[in-house]
């Protein structure tokens, strides 16, 4: 009997629901449907939402424009979690409205770190030697 392969990443359903929730959260924040001074004074990007396997928890990764005031923005989102959840439930047709969690999006930091590595002298030397600029490189 063949074993059933184990899945390591999110299912298509998780990804589809996460994208719907991401759009709903972004729309609510853009339209200013949540009355909060901190949220209304910041432009907030929601680059990713991840769903738990049972679709009951949605973790939204957020980043204020320019990366400023991250802690106050996340605190404001946590304060207004109930209203945001109601607005998401109104916009996304699910059996249960997921519990919303907010985290800082760290992909921008990761991009900066990778960019710095790629621009380093060691990587530049490795790339040049791979291009055949090294005297003992074999052309075959």
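Only the coordinates and a few stated rules stand behind these numbers; no lab work does. On a predicted model such as this, the values are computed, not experimentally measured, just so you know. Cβ sites come from the backbone with ideal geometry, for glycine too, and all protein chains shown count toward neighbours.
The separation of segment 31-56 from segment 84-116, counted between C-alpha centres, amounts to 7 Å.
Rounded to the nearest 10 degrees, the inclination of helix 70-79 to the longest alpha-carbon principal axis of the chain is 30 degrees. Where only DSSP H runs of four or more residues are counted, the chain gives -14500 deg cm²/dmol as its mean residue ellipticity at 222 nm, each run worth -39500 (n - 2.57).
The long axis of helix 12-31 is offset from the longest Cα principal axis of the chain by roughly 70 degrees. Rg to Rh ratio, segment 1-128, alpha-carbon atoms and Kirkwood radius? Using Cα coordinates only, the ratio equals 1.11.
Per residue, the average separation of C-alpha pairs within less than 8 Å and at least 6 apart gives segment 12-105 a relative contact order of 32 percent. The residue 94 and residue 115 beta-carbon pair, evaluated with R₀ = 35 Å, returns a calculated FRET efficiency of approximately 0.35. Approximating the spin labels as points 7 Å out from Cα along Cα→Cβ, the residue 101-to-residue 37 distance works out to 3.0 nm.
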